[in-house]
Amino acid sequence: MALLTSFIKPGFDKELPPLTHTGENMMACKVNGKVVIAGRYVTNATGSVQFSSAPDNDLLYISCEIPSPHYEIELSIEYDDTLGVYPIISNYPYFGYFWDYTHSISPNDSNQFQPDNTHPGTVNVTFNDGHVIAGTFAMEGVNRQGKVVHLTEGRFDIMVH
């Protein structure tokens, strides 16, 4: 399994970065309509975007942590190295999580959101040349209290090697 961690500037901006496939080491989306970005397009605090893959068991994992507001997004899909749309199925080792640590720094039932049968999620891999992987994502996540979070217009552009 390959793991790449890129320490970059994350944040909370007004505009989503453009869709790219140039190895920007960026992950961004709207969380309930508000833009959050981990990548080179932001000008405040430091953070990271992570990418890993395990071709032998068809795993693609992309995640980011954004310190302000303190969010974490994790997407792990069953991936066969082809372009296309993949469901986020939330069946380990494939899962989607959105963590909202703005009110609590430790994981608990109220700040963990993930898709289920009525709250879907997808990752659309639109580019993969063996050096860069890029695409889009969207996800609805629900916590155990029934609160729903909407991740829309998601995009990622990660340098693999």
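The values are calculated or read from the model by the stated rules, or taken from the named source; none is laboratory data. Just so you know, these numbers come straight off a predicted model, no measurement behind them. Note that each Cβ is placed from the backbone with ideal geometry, even for glycine, and that neighbours are counted across all protein chains shown.
Within the stretch 85-105, is there a residue that is touching a His at 6+ places or on another chain (Cβ under 9 Å), at pLDDT below 90 and in a strand (DSSP E or B)?
The answer is yes; a qualifying residue exists.
Within the stretch 132-144, does at least one residue satisfy the condition of being aromatic (Phe, Trp, Tyr) and assigned to a loop (DSSP other than H, G, I, E, B)?
No, the stretch 132-144 has no match at all.
Could you please let me know if residue 109 is in contact with a strand residue (DSSP E or B) (Cβ under 9 Å, 6 or more places away or on another chain), at pLDDT below 90 and surrounded by fewer than 18 Cβ atoms within 10 Å (Cβ to Cβ)?
no
Residues to consider are 149, 142, 85; find the one that is under 23 Å from residue 15 (Cα atoms), touching a residue at least 12 places away in the same chain (Cβ under 8 Å) and of a type in the set (Val, Ile, Thr).
Just a single option satisfies the conditions, and that option is 149.
Go over the candidates 41, 71 one by one and state the one that is among the hydroxyl-bearing types (Ser, Thr, Tyr), modelled with pLDDT of 75 or more and not in a helix (DSSP H, G or I).
Criteria check complete, one pass: 71.
From the residues in the stretch 116-137 that are buried (at least 18 other Cβ atoms within 10 Å of the Cβ) and touching a residue at least 60 places away in the same chain (Cβ under 8 Å), which one is nearest to the chain's Cα centre (by Cα)?
Within the stretch 116-137, the match that is nearest to the chain's Cα centre (by Cα) is 137.
On the basis of being among the charged types (D, E, K, R), assigned to a loop (DSSP other than H, G, I, E, B) and either at pLDDT below 75 or surrounded by fewer than 22 Cβ atoms within 10 Å (Cβ to Cβ) (or both), does residue 15 make the cut?
Spelling it out, residue 15 is indeed among the charged types (D, E, K, R), assigned to a loop (DSSP other than H, G, I, E, B) and either at pLDDT below 75 or surrounded by fewer than 22 Cβ atoms within 10 Å (Cβ to Cβ) (or both).
Looking at the stretch 44-68, which of the residues that are assigned to a strand (DSSP E or B) and at pLDDT below 75 is surrounded by the most Cβ atoms within 10 Å (Cβ to Cβ)?
Taking the candidates together, the pick is 49.
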